[in-house]
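K.L.:
Questions regarding the structure given below will be posed in turn.
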Amino acid sequence: ESGGAVDPDQISMPPWPAPTDVPARVASAGLDLGPIGTAEHYHPQLRIVIDGKDVPIPANIGVDPTTGAMSAVHTHETDGTIHIEADTAGETFTLGQLFTQWGVTLTPTQIGGVTAKNGQQLNLTSNGTPVAGDPNDLRLEPDQVIVLRMP
């Protein structure tokens, strides 16, 4: 237990594994573990490209390895599919909630230990459209394709 210190994986270099301290991370993302909702169920896709190479997104972000309980925002596979399973229709979920649960820092100039150089910024697109501002605020939507690209 880190006692409030920054977990080493938050600023480590990719690939980033799925975390093991899932309940604490889910809570810090403002979510809770189970019951999985069926009011809304959709699957945005996330792709992370750093220096021209795809970074794997691990399975079981937001899934407690001990109990199998899941938050409303989680992954099952390593293909970048984000599962949204909400117990209330119309709830808003964000990319930041996924990254908080993953334990990987996300800012306009940083993903984990990878930082933009020479005043450049992270390039974020949603369905091919550039998105400015804080990538954590990006709302997750059905059939969305999200690409985070670090120059």
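K.L.:
When you go through (1) modelled with pLDDT of 95 or more; (2) farther than 15 Å from residue 114 by Cα one by one for residue 49, which number turns out not to apply?
P.N.:
(2)
K.L.:
Suppose we keep only residues that are open to solvent by less than 60 Å² (accessible area, probe 1.4 Å) and part of a loop (DSSP other than H, G, I, E, B) within segment 6-20. Which one would you say is modelled with the lowest pLDDT?
P.N.:
Initially, segment 6-20 is screened for residues open to solvent by less than 60 Å² (accessible area, probe 1.4 Å), giving 7, 9-10, 12, 14, 16, 18-19.
Imposing the further condition that a residue be part of a loop (DSSP other than H, G, I, E, B) reduces the set to 7, 12, 14, 16, 18-19.
Working: 7: 50, 12: 83, 14: 90, 16: 91, 18: 90, 19: 88.
Here the answer is 7.
K.L.:
Within segment 88-119, can you find the residues that are part of a loop (DSSP other than H, G, I, E, B), open to solvent by less than 30 Å² (accessible area, probe 1.4 Å) and over 16 Å from residue 18 (Cβ atoms)?
P.N.:
Keep residues of segment 88-119 that are part of a loop (DSSP other than H, G, I, E, B), which gives 88-93, 103-105, 108-109, 112-113, 116-119.
With the extra rule that they be open to solvent by less than 30 Å² (accessible area, probe 1.4 Å), the set shrinks to 93, 103-104, 112-113, 116.
Residues satisfying the conditions are 93, 113, 116.
K.L.:
Considering only segment 126-149, how many residues are open to solvent by less than 70 Å² (accessible area, probe 1.4 Å), closer than 12 Å to residue 95 by Cβ and either in contact with a Cys (Cβ under 7 Å, 6 or more places away or on another chain) or not aliphatic (A, V, I, L, M) (or both)?
P.N.:
Residues meeting the conditions: 6.
K.L.:
Can you name every residue in segment 23-62 that is of a type in the set (Ser, Thr, Tyr) and surrounded by 15 or more Cβ atoms within 10 Å (Cβ to Cβ)? Can you show your working first?
P.N.:
First, the residues of segment 23-62 that are of a type in the set (Ser, Thr, Tyr): 28, 38, 42.
Passing the criteria: only 42.
K.L.:
Looking at residue 75, is it among the hydroxyl-bearing types (Ser, Thr, Tyr), within 14 Å of residue 98 (Cβ to Cβ), touching a residue at least 12 places away in the same chain (Cβ under 8 Å) and crowded, with 20+ Cβ neighbours inside 10 Å?
P.N.:
Values: among the hydroxyl-bearing types (Ser, Thr, Tyr): yes; within 14 Å of residue 98 (Cβ to Cβ): yes; touching a residue at least 12 places away in the same chain (Cβ under 8 Å): yes; crowded, with 20+ Cβ neighbours inside 10 Å: yes.
So residue 75 passes the test.
K.L.:
Quick one: residue 85 ticks every box in (1) open to solvent by less than 60 Å² (accessible area, probe 1.4 Å); (2) at pLDDT below 95; (3) part of a loop (DSSP other than H, G, I, E, B) bar one, so which box is it?
P.N.:
Exception for residue 85: condition (3).
The values are calculated or read from the model by the stated rules, or taken from the named source; none is laboratory data. What you are looking at is a predicted structure, and each value in this text was computed from that prediction instead of being measured. Neighbour counts run over all protein chains shown; Cβ positions are idealised from the backbone, glycine included. When the accessible area is computed, the model is the full protein with side chains, heavy atoms only, and any ligands, DNA or RNA have been set aside. Shrake-Rupley method; radii C 1.70, N 1.55, O 1.52, S 1.80 Å.
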